[in-house]
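Asks: Below you'll find the structure I mean.
The values are calculated or read from the model by the stated rules, or taken from the named source; none is laboratory data. Model, not experiment: these values are computed from the prediction. Heads up, the Cβs are rebuilt from the backbone with ideal geometry, glycines too, and the neighbour counts pull from every protein chain shown. Note: accessible area is taken over every heavy atom of the protein model, side chains too, but ligands, DNA and RNA are not part of it. Shrake-Rupley method; radii C 1.70, N 1.55, O 1.52, S 1.80 Å.
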Amino acid sequence: MARIYFDNAATTSLDREVLDAMMPFLTNRFGNPSSIYSYGREGRLAVESARKSVARLLNANPAEIFFTSGGTESSNTAITASVRDLGCTHILTSALEHHATLHTIEYLVRRGEASSSQVKLHANGHVDLEDLGRQLQASGEKCLVSLMHANNEIGNLLDLAKAGEICRAHGAVFYSDTVQTVGHFPFDLRRTAVDFIAGSAHKFHGPKGSGILFVREGLRISAYIHGGSQERNMRAGTENVYGIVGFAKALELASPLMDADSRYIRSLKQYMLESLTRKIPGVSFNGDPLGSSLYTVLSANFPKTLKSEMILMNLDIHNICASGGSACTSGVEQRSHVIAAINDNPQLVTVRFSFCKHNTREEIDWTVDKIHELI
């Protein structure tokens, strides 16, 4: 069988229609959007048209959408601005956040700019929202709450609306890393109590290096990157015009197909869970895979043996792409901080399978059979 790709939480393939939309800005429409002549005006029109399209699809105001290089920059910007510009002196987060969040918070804490604490987790990895409310109630400081909408390793979903209501009731600033959910779930940002969200095009068949930061209207924050007046003085640097166009086109393509795609991909996830359970003795699963969870992610544990320790390498040899957790830490010989927080059992080997609309049941059958042979 040809190469099988089950690592769509790391990145997705670029849709042909997205590439077609980007190509003019990679070729003859190459102007700098800050230039005043026709080449530049074409670029400026493309950027602003993309902003309006993204805002419409997320039910936000175009003035609330800022284009960035991706989720990591958006997270850094939102968290740093909340401390330095919005006066947050304490940050509430969880042990399951992406390193773009955790490392930014650690940096600000080391510099003495804020303190931090973590919200408790339930046994299945869901955030304990009652504990969030208790900690906010007990805090005498202005707080930033940074909780991801969906975990990129185990798939657990946060009740974004409920978390936002708790934050608003206690006067807290709320940032949610929505990198795994923008392009996969519908958003209504006008009616959701969240102050910042992040998105990254390559998670939903758009280009790498293109992201957004939503900043709730009325929040006054400073630029994170300095040196120019781009993005309404919020992000210096010549705009990634073709990436921005690609982001908008990918979201435009994904939005009307979300229901159909999610049903199909969820059926693949359930099929793989059932197939692994039937064929692999001792397999278990992290998080809440059949409950409030990403339909794209399945995190499986295999009993640790000499054979299973080499499972990712052996899958790769057989042209099957999967991961041990976040792609951002691949190649680093350390246990995933997410898995350690919810299931700290060194006798288990974890593999993350993540799916997209291009995957098939035949690929799952082949993969499960190969795992059975290998371990």
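Asks: Could you list, in sequence order, the residues of region 27-69 that are among the small types (Gly, Ala, Ser) and farther than 21 Å from ALA250 by Cα?
Replies: Narrowing region 27-69 to residues among the small types (Gly, Ala, Ser): 31, 34-35, 38, 40, 43, 46, 49-50, 53, 55, 60, 63, 69.
Listed by number, the residues that qualify are GLY31, SER34, SER35, SER38, GLY40.
Asks: Okay, moving on. Name the residues in region 46-63 that are surrounded by fewer than 19 Cβ atoms within 10 Å (Cβ to Cβ) and assigned to a loop (DSSP other than H, G, I, E, B), would you? Let's see the steps before the verdict.
Replies: Our first condition is that a residue be surrounded by fewer than 19 Cβ atoms within 10 Å (Cβ to Cβ); within region 46-63, this holds for 48-49, 52, 56-57, 59, 61-63.
Result: ASN59, ASN61.
Asks: As an exercise: evaluate PHE66 against (1) open to solvent by less than 40 Å² (accessible area, probe 1.4 Å); (2) closer than 17 Å to VAL194 by Cα; (3) in a helix (DSSP H, G or I) and give the number of the one condition it does not meet.
Replies: Failed condition: (3).
Asks: Restricting region 288-326 to residues that are assigned to a helix (DSSP H, G or I) and touching a strand residue (DSSP E or B) at 6+ places or on another chain (Cβ under 8 Å), which is most open to solvent (accessible area, probe 1.4 Å)?
Replies: Step one: filter region 288-326 for residues assigned to a helix (DSSP H, G or I), giving 308-317.
Of the ones still in play, those that are also touching a strand residue (DSSP E or B) at 6+ places or on another chain (Cβ under 8 Å) are 308-309, 311-312, 315.
On the way: SER308: 1, GLU309: 96, ILE311: 3, LEU312: 63, LEU315: 1 Å².
The qualifying residue most open to solvent (accessible area, probe 1.4 Å) is GLU309.
Asks: Of the conditions (1) over 18 Å from the mean Cα position of the chain (by Cα); (2) open to solvent by 10 Å² or more (accessible area, probe 1.4 Å); (3) polar (S, T, N, Q), SER82 satisfies every one except a single condition; which number is it?
Replies: (2)
Asks: Another question about this same structure. When the residues of region 241-271 are narrowed to those that are over 20 Å from the mean Cα position of the chain (by Cα) and within 20 Å of VAL47 (Cβ to Cβ), which ends up most open to solvent (accessible area, probe 1.4 Å)?
Replies: Applying the filter and picking the extreme gives TYR242.
Asks: Restricting attention to region 157-175, which residues are open to solvent by less than 10 Å² (accessible area, probe 1.4 Å) and either under 19 Å from the mean Cα position of the chain (by Cα) or at pLDDT below 95 (or both)?
Replies: Within region 157-175, ALA163, GLY164, PHE174, TYR175 qualify.
Asks: Okay, moving on. May I ask you to list the residues in region 1-45 that are part of a helix (DSSP H, G or I) and under 27 Å from VAL215 (Cβ atoms)?
Replies: Of the residues in region 1-45, the ones part of a helix (DSSP H, G or I) are 16-26, 38-45.
The answer is VAL18, ALA21, MET22, PHE25, GLY40, ARG41, GLU42, GLY43, ARG44, LEU45.
Asks: Here is a further query. Can you name the residue in region 226-240 that is closer than 21 Å to TYR39 by Cβ and either aromatic (Phe, Trp, Tyr) or in a helix (DSSP H, G or I) (or both) and is also least open to solvent (accessible area, probe 1.4 Å) among such residues?
Replies: That would be GLU231.
Rundown of residues vs (1) at pLDDT 90 or above; (2) charged (D, E, K, R); (3) touching a Pro at 6+ places or on another chain (Cβ under 8 Å); (4) closer than 18 Å to HIS372 by Cβ, yes/no style:
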| position | (1), (2), (3), (4) |
| --- | --- |
| ILE280 | yes, no, no, yes |
| PRO289 | yes, no, no, no |
| LEU294 | yes, no, no, no |
| ASN301 | yes, no, no, yes |
| LYS304 | yes, yes, yes, yes |
| ILE317 | yes, no, no, yes |
| GLU333 | no, yes, no, no |
| ASN343 | no, no, no, no |
